[in-house]
Amino acid sequence: MKNRLFSNKINDIPLNLKFLMIYLLCILIPIIGINVFFYQQNSDNIRIREQENLRKSMDRAAAELHSMIDESVAVSHSIEGDDSLNEVLDKTYDSPVSSYESYDSVLRNKLKRYMPVYPNILEIRIYTYNHTIQTGNNYYVINTPEEKSPWLGPLLSQPGHAFRVIAYSEASGTTGPAKKISVISDMDQGFSIVKPQYRKFLRIDLNVDKIYDILSRESDSLQLELVNEQNQVVAESGGRGKSVYDADMSDWAKGDVFVSKLGTVSYVQGWKLVGRANNDRITTLLDEARRSILWLAVISTLIPSLLIFVMLRSYHYRIKKLARHMDRVRNERFDQVTLPEGKDEIGGLINTYNMMTRKINTLINDVYKLEIHQKSLEVERVRMEMNMLQSQMNPHFLFNTLNALLVVATKNGYKDVTEIIKSLSLLLRRLLRRADDLVPLKEELQFTLMYLQIEKFRFGDRFDYVVDIDPLANDVRVPIMSIQPLAENACKHGLQAIKGGGAVRIEARMSERGLTVSVADNGIGMEQEALDRIQQAVRSEHAMEGHVGLRNVYRRLELFYHESVQFRMMNGPEGGLTVSYQIPLHQLENNQTKPGTAS
């Protein structure tokens with residue numbers, strides 16, 4: 001019951017609203033939802049991917065920095081383990097000359113040989129408290145100012161550390177860059193059995209430019225800072241020449257700041273690599289993703305919308321037009337749907353509707369209206385017969401009177417009167433026949449000639465007539481009284497308005513198209529407007545005043561030949577009026593074997 005109620009409610013929704021609901025609920029909203037979800041997922045994936053790439057970049061930079069430091073530590077171990085070097089440095093010299101001799105023989109190339117092999121090392125120096133050694137060429141004697149230097153002071157204040165990584169700035173005037181990052185080692189920590197005579201320190205200066213290059217390698221997406229154990233920024237990408245300064249740790253907990261330890265060994269413990277993500281890059285990537293998804297949403301929405309609009313418009317337009325035509329059926333208007341039907345279900349429905357309306361029209365025209373028309377013709381024929389009967393009054397009295405006149409005219413020798421009385425008698429006898437008989441054309445012409453002879457007797461030299469008949473048409477059967485009323489109409493309406501010289505011409509011709517009969521006069525003719533009005537009245541169902549003979553001829557022809565007969569009225573080129581009709585050949589052949597019956 002609920003399903004049926006829901007189905008009825010769906011059926012009550014207008015077609016336009018149904019299409020709109022289908023489009024919104026099944027196309028537009030799902031596409032927008034999918035694109036929004038896809039954008040959120042894509043944005044999250046971009047952030048995760050960028051963070052992963054940034055973290056990999058940081059790990060790569062940290063590994064390279066740690067490798068530089070480990071490389072320097074390895075060199076420190078190698079130098080500290082050189083017994084000949086330690087022996088020369090712990091020896092007390094009695095004069096500068098003996099010190100130079102030891103330098104030339106042992107110390108000169110001990111430290112310089114590492115420089116070409118390790119490009120990440122800028123300089124190697126040894127500092128000692130042995131004052132008998134001469135300062136210079138990588139070997140220096142520690143004095144009071146040196147003890148307070150930023151690289152040696154922390155090592156002296158915190159003994160016990162074999163290696164330390166220290167960043168500092170040297171006073172101006174020194175060779176090399178002002179900022180230094182050095183690996184410092186206490187060379188005495190390596191000897192446990194024999195205590196050295198003089199305390200010595202090894203300082204390996206790292207190539208700061210190399211460090212800047214490592215930090216600046218990912219500057220497009222990541223700003224890197226190298227932070228020491230005291231949370232001071234000792235180097236940063238794009239920050240060449242800057243002094244050591246305190247790091248801003250307030251934003252280290254944010255999602256766009258990454259902190260990575262440089263290592264776990266003691267000499268880099270506390271050192272960190274801080275990466276600050278370039279939000280402009282992530283924003284640019286998100287904007288590109290947003291534009292791409294927006295275009296995808298527009299395309300995925302616009303193209304289906306256009307296709308759906310075109311298809312639904314075809315469907316809706318044809319359904320609406322079919323519905324309008326079906327509403328007209330209620331008013332008995334069976335118009336055809338004039339549009340391309342198509343081969344789909346709607347096209348089949350339109351085709352079926354058109355076939356139905358054609359059949360209905362055919363049924364109405366061929367059965368209903370035809371029956372009414374035939375009944376009208378029957379009534380018209382009965383009315384004509386009644387009129388003829390009423391006009392005859394007493395045919396026997398008329399015949400007797402005409403015979404008496406004929407006897408008197410013959411005795412007195414009135415030949416013209418005798419012929420006229422004979423013709424009039426034959427005319428009256430002819431009028432007693434049924435109006436729906438078919439007679440040969442020559443018989444109908446003989447009857448018409450009798451009438452014309454009477455008119456000739458009446459008007460004398462003021463009237464004449466010509467009959468031109470095709471011999472092939474003599475035996476063709478035509479409806480009785482289909483020529484004489486036309487001749488009477490010509491004499492009555494066409495010739496009475498002129499003075500003398502009146503003429504009537506009757507022609508009958510056979511052709512491939514059928515029988516053509518015409519009656520022409522040389523009268524004054526008619527105006528075209530009046531002529532059109534008479535032709536319309538002749539074909540009308542309503543009675544007309546005047547020209548009854550024309551209407552009776554057309555009705556008699558229509559009774560036998562239906563609408564296939566062609567009935568025309570036209571003015572002649574030199575004046576006068578011509579009335580003609582043409583009976584198709586096939587209609588003549590059908591009626592030749594059925595005398596006295598309607599086709």
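The values are calculated or read from the model by the stated rules, or taken from the named source; none is laboratory data. Just so it is clear, the structure is predicted and the values come from calculations on it, not from any experiment. Every residue, glycine among them, receives a Cβ derived from its backbone with ideal geometry; neighbour counts consider all protein chains shown. Each accessible area value is taken on the protein alone, full model and side chains, heavy atoms only, with ligands, DNA and RNA left out. Shrake-Rupley method; radii C 1.70, N 1.55, O 1.52, S 1.80 Å.
Quick notes on this structure:
- Each of the peptides 292-299, 221-228 was scored by the mean count of other Cβ atoms within 10 Å over its residues; in descending order, highest first, they stand as 221-228, 292-299.
- With one equal scatterer per alpha carbon and no solvent term, the Debye-computed log10 I(q)/I(0) for the stretch 80-139 at 0.28 1/Å reads -1.33.
- When the P(r) is computed for the stretch 251-331, the part past 19 Å accounts for 71% of the Cα-Cα pairs.
- Net charge of neighbours whose Cβ lies under 9 Å from the Cβ of SER57, counting Lys and Arg as +1 and Asp and Glu as -1: +2
- Ordering CYS491, CYS26 by accessible surface, largest first, gives CYS26, CYS491; the 1.4 Å probe counts only protein heavy atoms, with every chain in place.
- Shape call, the stretch 445-547: gyration tensor on alpha carbons, a/c limit 1.5: oblate
- Protection proxy ranking, highest mean first, for peptides 39-52, 560-573, 442-455: 442-455, 560-573, 39-52, where packing is the per-residue count of other beta-carbon atoms within 10 Å, averaged.
- ASP59, ASP470, reordered so the largest accessible area comes first (probe 1.4 Å): ASP59, ASP470
- Take the Kirkwood radius over Cα pairs of the stretch 1-107, plug it into Stokes-Einstein at 25 °C and 0.890 mPa s, and you get 109 µm²/s for translational diffusion.
- Excluding ligands, DNA and RNA, the accessible surface per residue across the stretch 196-277 is 44 Å² with a 1.4 Å probe.
- Backbone HN-Hα couplings from phi across the stretch 139-149 [Karplus 6.51/-1.76/1.60, Hz, Gly and Pro as x]: 10, 9, 8, 7, 10, 4, x, 5, 5, 9, 5
- Amide proton proximity set for TYR465, modelled H, under 5 Å, gap of 5+: VAL504
- Solvent-accessible surface of the stretch 26-164, averaged per residue with a 1.4 angstrom probe and all protein chains in place: 53 square angstrom.
- For the stretch 188-301, convex hull of alpha carbons as volume per residue, Å³: 156
- For the listed peptides 276-284, 476-484, a ranking on the average number of other beta carbons within 10 Å per residue, highest first, reads 476-484, 276-284.
- Accessible-area order (highest first, 1.4 angstrom probe) of the listed residues LYS18, LYS375, LYS492: LYS375, LYS492, LYS18
- Here, P(r) means the percent of Cα pairs in each 10 Å bin from 0 to the largest distance; for the stretch 279-322 it is 25, 26, 20, 15, 10, 5, 0.
- Percent carbon-and-sulfur accessible area, the stretch 448-578, ignoring ligands, DNA and RNA, probe 1.4 Å: 49
- Percent accessible area from carbon and sulfur atoms, the stretch 89-167, protein chains only, probe 1.4 Å: 53
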